[in-house]
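Peer 1: Before we start, here is the structure in question, set down as structure tokens.
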Amino acid sequence: MSETQKIEIRSLRKSFGSNEVLKNINLDVAKGGVVALIGPSGSGKSTLLRCINLLVVPDGGNVRVGDTRFAFGDGSKLPDVKTLAAFRATTGMVFQHFNLFPHMTTLQNVMEGPVTVRRMAKTNAETLARAQLAKVGLAEKADQYPATLSGGQKQRVAIARALAMEPDVMLFDEATSALDPELVGEVLNVIQQLASEGMTMVIVTHEIAFAREVANRLIFMRDGIVVEEGPARQVIDNPQEAATRAFLSHFHRTGALPPANAVP
Amino acid sequence: MYQWDFGILWSYRWLFLNGLGVTVGFTIVIVVCGLLFGLLGAFGSLSRFRTLRLGALAFIEVFRCTPILVQLIWFYYALPILAGVEMTPITASALALSLYGGSFYSEIIRGGIVSIDRGQSEAGAALGMTPSQTMRRIVLPQAIKRMIPALMNQSIIQFKNTSLVSVLAVPDLVYQSQVAAHDSYRPLETYTAVAVAYAAILIPLTIIVRRGEKRLAVSE
């Protein structure tokens, strides 16, 4: 397999009890590529995303991100906690419900990874964290607690927190699904900016118009399998499978992205 | 009509002060040791390892579900006979009360930890933290805030439970007041004064903790 692929997933399987959530999934993400994962709820897309940084440990198959490769299934030993932690430090993840640390200020949230995981000196970490907050347009919120922020601001802090670890890839797990409609744009805007900077990303989303605009590849999943995949515009504008067509018929697929004028 | 005469207690003031000193010192020891046992019990019951979980569960239920008075007597009288472990009354009662308190603290600490949203530890893990870093930096600081009222409540109970050590002739406030009551033939005055002494220490403490809670809640 060509090493130009940043993420390479082969024959991935995962069950929760008797419920087989992922059935033999293959996925490649090119360096600098943006892959959108779409599908109805329960299709396994979030589980697949969580298998990429091993927040969910697969039952079988291979996962490679950059130079780090893991094999799962018969005969392979589960990675120990130190190995897992070191691996996850190279991947950034953004959650649907932000999961900011409520007992820390915005600045401390963003500094936490560099200080605790990378053992960076506090002053350097603060410089880095302030730069990341500025990048998502929240420099002036550094000393506030998350509880005082809007949903869109919280999610942008969460993105800054992930970026402060200077990850190789970014994973977005329905990053805008918990937001009020008028706040979606400011978050999508940040993600779009990351894409234009060449960040490798996998995005689980229900924002089909956004996926069409920003992703170069799109994967439609249902019931734990990849039903259809291809260039994002092609799949969205001209789906080949009946299931994809049925799913996409629920969305406005084109048109302007939600306005990003909420960004200060 | 009963004639109250609290003046008579003045001549026993050193006895009372002595007893109060023992009671307060004893409480500090059993709260600190109890919290240590509580931490062990809580982390044991949350462990990935089955043996640790079962051990912690056995400890918690044995001490939580038997009367403290029975435990005190058992530690002092039964252990020397069954296990050949001789203990002074003070050691026996400190150990029994610490373990008894520890079983309740365990459940409070465990409850506080599991009450923190799973997303918090997932966010820590996603940043590359090990489970112990996540526990120390993310989960515990939030969980402790939620535990404080219940831990305080349990510690108040522990403070009052020290009165039971008088059965092993440990010279705490209640034991000394028994001495004073027998000597003065004034049990009503004596035990009223003892009750007031317990309340006089606890009420200011509860006020301080209530204030602290409010201050902690500000950052939420």
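Peer 1: Checking the conditions here, which among A:Lys31, A:Lys77 is free of Cβ contacts under 8 Å to residues at least 24 places away in the same chain and surrounded by fewer than 18 Cβ atoms within 10 Å (Cβ to Cβ)?
Peer 2: Result: A:Lys77 is the single residue among A:Lys31, A:Lys77 that is free of Cβ contacts under 8 Å to residues at least 24 places away in the same chain and surrounded by fewer than 18 Cβ atoms within 10 Å (Cβ to Cβ).
Peer 1: Counting only residues that are within 13 Å of A:Gly33 (Cα to Cα) and in contact (Cβ under 8 Å) with a residue 60 or more places away in the chain, how many does the stretch A:193-218 have?
Peer 2: Final tally of qualifying residues: 13.
Peer 1: Mind checking which residues of the stretch A:111-140 are away from chain B (no Cβ under 14 Å) and closer than 23 Å to A:Gln153 by Cβ?
Peer 2: A:Glu126, A:Thr127, A:Arg130, A:Ala131, A:Leu133, A:Ala134, A:Lys135, A:Val136, A:Gly137, A:Leu138, A:Ala139, A:Glu140
Peer 1: Ok, one more. Can you tell me which residue among A:Ser11, A:Ser46, A:Ser15 is under 29 Å from B:Val139 (Cα atoms), among the small types (Gly, Ala, Ser) and assigned to a strand (DSSP E or B)?
Peer 2: A:Ser15
Peer 1: Continuing with the same structure: Regarding B:Gln176, is this residue crowded, with 16+ Cβ neighbours inside 10 Å, closer than 30 Å to A:Met170 by Cα and not small (Gly, Ala, Ser)?
Peer 2: no
Peer 1: Is the stretch B:186-200 home to any residue that is modelled with pLDDT of 90 or more, closer than 17 Å to B:Ser93 by Cα and in a helix (DSSP H, G or I)?
Peer 2: No, because not a single residue in the stretch B:186-200 is modelled with pLDDT of 90 or more, closer than 17 Å to B:Ser93 by Cα and in a helix (DSSP H, G or I).
Peer 1: Do we have B:Leu15 as within 20 Å of the chain's Cα centre (by Cα) and not in a loop (DSSP other than H, G, I, E, B) here?
Peer 2: Judged against the criteria, B:Leu15 is not a match.
Peer 1: Follow-up question, since we're still on this one. Among A:Met165, A:Met170, which is modelled with pLDDT of 95 or more, assigned to a loop (DSSP other than H, G, I, E, B) and within 22 Å of A:Met120 (Cβ to Cβ)?
Peer 2: Step by step, each of A:Met165, A:Met170 is checked, and only A:Met165 is modelled with pLDDT of 95 or more, assigned to a loop (DSSP other than H, G, I, E, B) and within 22 Å of A:Met120 (Cβ to Cβ).
Peer 1: For the stretch B:123-140, name all the residues that are within 7 Å of another protein chain (Cβ to nearest Cβ), over 30 Å from the mean Cα position of the chain (by Cα) and crowded, with 21+ Cβ neighbours inside 10 Å. Outline the logic, then answer.
Peer 2: Residues of the stretch B:123-140 that are within 7 Å of another protein chain (Cβ to nearest Cβ), as a first pass: B:123, B:125-131, B:133, B:137-138.
Then keep just the ones that are over 30 Å from the mean Cα position of the chain (by Cα); that gives B:123, B:125-130.
Listed by number, the residues that qualify are B:Ala123, B:Ala125, B:Ala126, B:Leu127, B:Gly128, B:Met129.
Peer 1: Would you confirm, using the coordinates I've provided, whether B:Ala193 is closer than 30 Å to A:Gly92 by Cα and either touching a helix residue (DSSP H, G or I) at 6+ places or on another chain (Cβ under 8 Å) or in contact (Cβ under 8 Å) with a residue 40 or more places away in the chain (or both)?
Peer 2: Details: closer than 30 Å to A:Gly92 by Cα: no; either touching a helix residue (DSSP H, G or I) at 6+ places or on another chain (Cβ under 8 Å) or in contact (Cβ under 8 Å) with a residue 40 or more places away in the chain (or both): yes.
Judged against the criteria, B:Ala193 is not a match.
Condition check ((1) small (Gly, Ala, Ser); (2) within 12 Å of chain B (Cβ to nearest Cβ)) across all residues:
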site	(1), (2)
A:Ser15	yes, no
A:Asn19	no, no
A:Gly44	yes, no
A:Ile52	no, yes
A:Val65	no, no
A:Phe70	no, no
A:Pro79	no, no
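Peer 1: Can you confirm whether A:Thr83 is of a type in the set (S, T, N, Q) and within 9 Å of another protein chain (Cβ to nearest Cβ)?
Peer 2: no
Peer 1: I've got another one for you. Find the residue count for the stretch A:143-154, including only residues that are without any contact (Cβ under 8 Å) to a residue 40 or more places away in the chain and surrounded by fewer than 19 Cβ atoms within 10 Å (Cβ to Cβ).
Peer 2: Keep residues of the stretch A:143-154 that are without any contact (Cβ under 8 Å) to a residue 40 or more places away in the chain, which gives A:143-144, A:148, A:150, A:153.
Cutting the leftovers down to surrounded by fewer than 19 Cβ atoms within 10 Å (Cβ to Cβ) gives us A:143-144, A:148, A:150.
The total comes to 4.
Peer 1: Next up: In the list B:Ser184, B:Ser115, B:Ser106, which residue meets the criterion of being more than 10 Å from chain A (Cβ to nearest Cβ), touching a helix residue (DSSP H, G or I) at 6+ places or on another chain (Cβ under 8 Å) and buried (at least 21 other Cβ atoms within 10 Å of the Cβ)?
Peer 2: On inspection, the qualifying residue turns out to be B:Ser106.
Peer 1: Can you confirm whether B:Val70 is surrounded by fewer than 17 Cβ atoms within 10 Å (Cβ to Cβ), under 20 Å from the mean Cα position of the chain (by Cα) and either in a loop (DSSP other than H, G, I, E, B) or without any contact (Cβ under 8 Å) to a residue 12 or more places away in the chain (or both)?
Peer 2: Yes: the conditions hold for B:Val70.
Peer 1: Could you please find all residues in the stretch A:193-237 being charged (D, E, K, R) and part of a helix (DSSP H, G or I)?
Peer 2: Narrowing the stretch A:193-237 to residues charged (D, E, K, R): A:197, A:207, A:212-213, A:217, A:222-223, A:228-229, A:233, A:237.
Residues satisfying the conditions are A:Arg212, A:Glu213, A:Arg233, A:Asp237.
The values are calculated or read from the model by the stated rules, or taken from the named source; none is laboratory data. Keep in mind the model is a prediction, meaning the values are calculated, not measured. When we count neighbours, we look across all protein chains shown, and the Cβ atoms used for this are built from the backbone with ideal geometry, even at glycine.
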